[in-house]
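Report on one structure; see the data block that follows.
The values are calculated or read from the model by the stated rules, or taken from the named source; none is laboratory data. Predicted model only: the values in this text are computed from it and were never measured. Cβ placement follows ideal geometry from the backbone for every residue including glycine, while neighbour counts extend to all protein chains displayed. The area values use the complete protein model at the heavy-atom level, side chains included, leaving out ligands, DNA and RNA. Shrake-Rupley method; radii C 1.70, N 1.55, O 1.52, S 1.80 Å.
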Amino acid sequence: MKKKRMLSGIGVILLFALYFVWNEPQTAYAMHIMEGFLPVKWAVFWWIVFLPFFLLGLRSLTKLTKEKPETKLLLGLAGAFTFVLSALKIPSVTGSSSHPTGTGLGAVLFGPLVMTVLGTLVLLFQALLLAHGGLTTLGANAFSMAIVGPFVAYGVYRAIIPTGRQRLAIFLAAALADMATYVVTSLQLALAFPAASGGIAASFIKFAGIFAVTQVPLAISEGLLTVLVWNWLVAYNGQEMAQLQSIKRGA
Amino acid sequence: MNKPKGWLNVLIVLAVVALVVFPLIIVKDSEFGGADGAAEEAITEVAPGYEPWFQPLMEPPGGETESLLFALQAALGAGVIGYAIGYYKARSTKRERSDEHSA
């Protein structure tokens, strides 16, 4: 058992080393789609896709706070976690910076739809006050960060938790949600801006090469930080966590 | 109840710090811009002639104000997280104590 763990540890380090060697530094960017940078029809399209999820999210959020008002502080914590992580522009191996999303924690705690609302609020704050992201692109950005991310997190967590390795489940849920967010962003840009030769696929490879590659170390950081907060919660608030888990199973 | 494993949390923090510092050391000649200006370049490369059709309603006048707002965002979030964890910790300690009393 111990030996197996050590081997997998060495494997991870080797993979990482390869990743760093292969990855030529380049000027790049990796963040939300900026204001006005999606053609009108795509901006509208993503808004339409995003809205039903947001409304369902609002419904499940009100239901949660009505039935279990004591979870409000935990909700605040999950929202604050995305708020902090979205503010941290972290340097990456591509020579550019990006920021984590922090949506995995809340998605695992409360389910993905609640996180759709919290993630959207963070995006709205950044779009309005920081000119980071935008209102016209809010639908698209919320779809990647506040819908796909949390759903991926939730799915990954549910898939791994039967093995009983809870920390691993949390880590992968958060890290993969982060990665998925930026893969979707790349796809959204590729759909809106297909390359002259090669079309959407070529464009996707170009954007994903920029976005996703930059995001790899950040996703790992996000996974680790999520486990850190999770550890504290389990240690000091185990009861409420257990209650939340049983509610979700019933729902 | 699960006791916190202090050493694990320390390891996690160290790993995150390493992940952040490592790129700064190995990548030379980069400003690590995540700048919106660079994003414009990438899109104009694929779609020359694309004009953004909407401008941000409000934009921080410069880098300093922008970093102020980002710092504020992080500080507010960290404050809430600290408050919540502190609250939970004190509550669980209090519960343990009253359990001891009643036992």
Kindly provide the set of residues from the range A:214-249 that are among the polar types (S, T, N, Q), over 19 Å from A:Leu73 (Cα atoms) and at the interface with chain B (Cβ under 10 Å from one of its Cβ atoms), ordered by number. A:Thr214, A:Ser221
Can you pull out the residues in the range A:190-217 that are open to solvent by 30 Å² or more (accessible area, probe 1.4 Å) and part of a loop (DSSP other than H, G, I, E, B)? A:Pro194, A:Ala196, A:Ser197, A:Gly198
Only one residue in A:Leu187, A:Leu172 is more than 10 Å from chain B (Cβ to nearest Cβ), open to solvent by 40 Å² or more (accessible area, probe 1.4 Å), at pLDDT 95 or above and in a helix (DSSP H, G or I). Which one? A:Leu172
Do we find that A:Gly104 is in a helix (DSSP H, G or I) and either crowded, with 24+ Cβ neighbours inside 10 Å or hydroxyl-bearing (Ser, Thr, Tyr) (or both) in this structure? yes
Residues that are touching a residue at least 12 places away in the same chain (Cβ under 8 Å), open to solvent by 20 Å² or more (accessible area, probe 1.4 Å) and of a type outside the set (Lys, Arg): does the range A:91-101 have at least one? no
What residue, among those in the range B:80-103 that are open to solvent by less than 50 Å² (accessible area, probe 1.4 Å) and facing chain A (nearest Cβ under 8 Å), is farthest from A:Thr82 (Cα to Cα)? B:Ser92
Which one is surrounded by the most Cβ atoms within 10 Å (Cβ to Cβ), of the residues in the range A:125-146 that are within 14 Å of chain B (Cβ to nearest Cβ) and of a type in the set (S, T, N, Q)? A:Asn141
Would you confirm whether or not the range A:221-235 contains a residue that is farther than 23 Å from A:Thr101 by Cβ, part of a helix (DSSP H, G or I) and at pLDDT 90 or above? yes
Filter the range A:107-121 down to the residues that are of a type in the set (Val, Ile, Thr) and either open to solvent by 10 Å² or more (accessible area, probe 1.4 Å) or within 17 Å of A:Ala142 (Cβ to Cβ) (or both) and list them by number. A:Val114, A:Thr116, A:Val117, A:Thr120
Count - residues of the range B:38-71 that are more than 7 Å from chain A (Cβ to nearest Cβ) and surrounded by 15 or more Cβ atoms within 10 Å (Cβ to Cβ): 2
Based on what the data block shows, is A:Thr226 out of contact with any Pro (no Cβ under 8 Å at 6 or more places or on another chain), among the hydroxyl-bearing types (Ser, Thr, Tyr) and over 30 Å from B:Glu96 (Cα atoms)? no
In the range A:147-169, residues that are out of contact with any Phe, Trp or Tyr (no Cβ under 8 Å at 6 or more places or on another chain) and open to solvent by less than 10 Å² (accessible area, probe 1.4 Å) total 4
When A:Lys66 is evaluated against the numbered criteria (1) touching a helix residue (DSSP H, G or I) at 6+ places or on another chain (Cβ under 8 Å); (2) not in a loop (DSSP other than H, G, I, E, B), which criterion, by number, is the only one it fails? (1)
With respect to the numbered conditions (1) more than 11 Å from chain B (Cβ to nearest Cβ); (2) under 25 Å from A:Leu225 (Cβ atoms); (3) open to solvent by less than 20 Å² (accessible area, probe 1.4 Å), which one is the sole condition not fulfilled by A:Phe50? (2)
When you go through A:Val84, A:Val156 one by one, which is the residue that is part of a helix (DSSP H, G or I) and away from chain B (no Cβ under 14 Å)? A:Val156
